[in-house]
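Asker: Have a look at this one before I ask anything.
The values are calculated or read from the model by the stated rules, or taken from the named source; none is laboratory data. Keep in mind the model is a prediction, meaning the values are calculated, not measured. Every residue, glycine as well, gets a Cβ built from its backbone with ideal geometry; the counts of neighbours run over all protein chains shown. Only protein heavy atoms, including side chains, enter the accessible area calculation; ligands, DNA and RNA are left aside. Shrake-Rupley method; radii C 1.70, N 1.55, O 1.52, S 1.80 Å.
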Amino acid sequence: MGSEAEAAPAHVVLLASPGAGNLLPVIELARRVVAHDDDGAAGRFTATLVTYTNFSSASQCSSSLASLPPSVSTVALPEVPLDDLPADARVETRIFAVVRRALPHLRDLLRSLLACPAGVAAFVSELLGPWALEVAAELGVPGYVFCTSNLMALASLLHGPELDGATACELRDLPEPVRLPGCVPLRGADLLDSVQDRADPAYELTVELGKKYLLADGFIVNTFDAMEREAIAAFEQLSDDGVYPPVYAVGPLVRSCSGGEAAAKHGCLRWLDEQPDGSVLYVCFGSGGTLSAAQTDELAAGLEASGQRFLWAAKLPSEKDRTASFFGDGGDGDDDSPINYLPEGFVERTRGTGLVVPAWAPQVEILSHRAVGGFLSHCGWNSTLEAASAGVPMLAWPLYAEQRMNAVMLSERVGMALRPRAAADGSSGDGVVPREEVAAAVRELMAGEKGSVARKKARELRDAGAEAWAPDGPSRHVFEAVAVKWRQAARRTA
């Protein structure tokens, strides 16, 4: 009987928060969990990937979900009512409401899985859902947090309760930089978007995250040694001292270039085939980011004036907020095409050097293409890791969430990104980066000395990221340590 229990696969439940940027890395973690094979024996794990019906990202992530192996099952928690939320509630507030209100459904699901022969060896909640750790603890299941961003973002959230209690002003007005363990110093204005206004409900909920994280048995973080060496070392010491649960840096977990039929047939890849090596700037603000109409005009004019080749995955502009596309809602133009909102004659004038595609483009395939030499990005962490894995330097244009923090780290410590001057120092009083600065920054990244330095660093990160998951790589070694804990937990409950 004991040998049969030991041979049975351990079952892991992974909970992804709403939003494509949150779901995609959880999909990759689930794929890595069931593929884990540290001793030549296949089938050590099975997994259940849990999503939410509210704000579902299944359509945006359909190819990634479809490519999951049979050993990963998927379940969507039933829809919960949100009618009482204000129409202008922040993205974070809406996500937190879904996570908290769906806890009874999650409890029922975990109970049903615990009643199965495989049981549940471990429960893993994505970064924005730590309230679920209370349910796991109640049911006696080891609980972990999967930080789909970097260790600096996790550090800022853990530091949130202390910072909240020690200050009275708005965090953007802090007179001194915030110093997190092993991280680059941050201005208060560069901290998370959701803590910039104490009066907004998202503020207290974000502070509460930092308290809930301490319920975890460990933090699994999508980062790697070459990207955040100092922060990893600092957290290892804090864990040894009993301050925080253990941190497991298992990145980079990124989508592969398989892409599927839609990616392979996308016309932009055929266009890239015709361009010189390293000559194209890829422009994309992620699955959720949007620009205002005025900023869209200035970006277009700057790209044109730069004289550099570009591929722009454009979205509808929005005057409401920079997260208008987060749940796939788009901007202010309903079903209209983003191309219709570009300056008159722009597409025709740049036809020889640029290509604009509406909304979606196969990003991993684009970044891996030999013709792409730079990436103008919102600095979402998935996009950052995809750029690093492809060895492509970045022009940092943060919009929301932790992206300003990422931009600071990537430009001031990691060295793989440049920043438009007006965006970095806030000198554009109306918040719009002017076309002249766009053109200058694009030229510097693609053809300047600073861009050359960033390109060298990006290629070093590409090599280091590949080595991290080599047979003796640090991320693989750390992941194996987590897998051992989960298999031991499975044997204890068998």
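Asker: If we scan the range 68-78, do we find a residue that is touching a strand residue (DSSP E or B) at 6+ places or on another chain (Cβ under 7 Å), part of a helix (DSSP H, G or I) and crowded, with 20+ Cβ neighbours inside 10 Å?
Answerer: No, every residue in the range 68-78 fails to be touching a strand residue (DSSP E or B) at 6+ places or on another chain (Cβ under 7 Å), part of a helix (DSSP H, G or I) and crowded, with 20+ Cβ neighbours inside 10 Å.
Asker: If a residue has to be at pLDDT 95 or above and either open to solvent by 30 Å² or more (accessible area, probe 1.4 Å) or over 30 Å from R44 (Cβ atoms) (or both) to count, how many in the range 117-140 make the cut?
Answerer: Number of matching residues: 6.
Asker: Can you name the residue in the range 234-270 that is at pLDDT below 95 and of a type in the set (A, V, I, L, M) and is also least open to solvent (accessible area, probe 1.4 Å) among such residues?
Answerer: Checked the range 234-270; the qualifying residue least open to solvent (accessible area, probe 1.4 Å) is A263.
Asker: While we're on this one: Could you please tell me which pairs satisfy a Cβ distance under 8 Å, a separation of 6+ or placement on different chains, a first residue in the range 443-471 that is of a type in the set (V, I, T), and a second residue that is surrounded by fewer than 19 Cβ atoms within 10 Å (Cβ to Cβ)?
Answerer: Taking only residues 6 or more apart or on different chains, the pairs are V453/G415.
Asker: Looking at A396, is it closer than 18 Å to E460 by Cα, crowded, with 24+ Cβ neighbours inside 10 Å, modelled with pLDDT of 95 or more and under 17 Å from the mean Cα position of the chain (by Cα)?
Answerer: Here the answer is no, as A396 does not meet what is asked.
Asker: Continuing with the same structure: Considering E386, E402, E365, E344, which residue is free of Cβ contacts under 8 Å to residues at least 12 places away in the same chain and either open to solvent by 20 Å² or more (accessible area, probe 1.4 Å) or out of contact with any Asp or Glu (no Cβ under 9 Å at 6 or more places or on another chain) (or both)?
Answerer: E344
Asker: Examine the range 372-382 for a residue that is in a strand (DSSP E or B), farther than 18 Å from A466 by Cβ, open to solvent by 20 Å² or more (accessible area, probe 1.4 Å) and touching a residue at least 12 places away in the same chain (Cβ under 8 Å), and state whether such a residue exists.
Answerer: No: the range 372-382 contains no residue that is in a strand (DSSP E or B), farther than 18 Å from A466 by Cβ, open to solvent by 20 Å² or more (accessible area, probe 1.4 Å) and touching a residue at least 12 places away in the same chain (Cβ under 8 Å).
Asker: Step by step: first the residues of the range 79-111, then only those that are assigned to a loop (DSSP other than H, G, I, E, B) and hydrophobic (A, V, I, L, M, F, W, C), then the one that is surrounded by the most Cβ atoms within 10 Å (Cβ to Cβ). Which residue is that?
Answerer: A102
Asker: Among the residues of the range 57-67 satisfying the criterion of being among the small types (G, A, S) and part of a helix (DSSP H, G or I), which is least open to solvent (accessible area, probe 1.4 Å)?
Answerer: Among those residues, the one meeting the criterion is S64.
Asker: Scan the range 287-301 residue by residue and report those that are open to solvent by 10 Å² or more (accessible area, probe 1.4 Å) and outside any helix (DSSP H, G or I).
Answerer: Correct list: S287, L291, S292.
Asker: What number of residues in the range 127-140 are touching a residue at least 40 places away in the same chain (Cβ under 8 Å) and touching a strand residue (DSSP E or B) at 6+ places or on another chain (Cβ under 7 Å)?
Answerer: 6
Asker: So, D277, is that one free of Cβ contacts under 8 Å to residues at least 40 places away in the same chain and not aliphatic (A, V, I, L, M) or not?
Answerer: So D277 fails the test.
Asker: How do the pairs read when you match residues in the range 319-333 that are more than 19 Å from Q403 (Cα to Cα) with residues anywhere that are modelled with pLDDT of 70 or more and hydrophobic (A, V, I, L, M, F, W, C), using Cβ under 7 Å and keeping only pairs 6 or more apart or on different chains?
Answerer: E319/A293; G330/L316; G330/A324; G331/L316; G331/A324; D332/L316; G333/L316
Asker: Mind telling me which of the residues E402, E412, E365 ends up being of a type in the set (D, E), closer than 25 Å to R179 by Cβ and in contact with a helix residue (DSSP H, G or I) (Cβ under 6 Å, 6 or more places away or on another chain)?
Answerer: Answer to the selection: E402.
Asker: Considering only residues that are more than 24 Å from H378 (Cβ to Cβ) and open to solvent by less than 50 Å² (accessible area, probe 1.4 Å), which ones fall in the range 175-196?
Answerer: Within the range 175-196, P181, G182 meet the criteria.
Asker: So S475 clears everything in (1) at pLDDT 95 or above; (2) in contact with a strand residue (DSSP E or B) (Cβ under 8 Å, 6 or more places away or on another chain); (3) of a type outside the set (A, V, I, L, M, F, W, C); (4) surrounded by fewer than 20 Cβ atoms within 10 Å (Cβ to Cβ) except one condition, right? Which one?
Answerer: (4)
Asker: Would you say S411 is free of Cβ contacts under 8 Å to residues at least 24 places away in the same chain, buried (at least 19 other Cβ atoms within 10 Å of the Cβ) and under 22 Å from the mean Cα position of the chain (by Cα)?
Answerer: Here the answer is yes, as S411 does meet what is asked.
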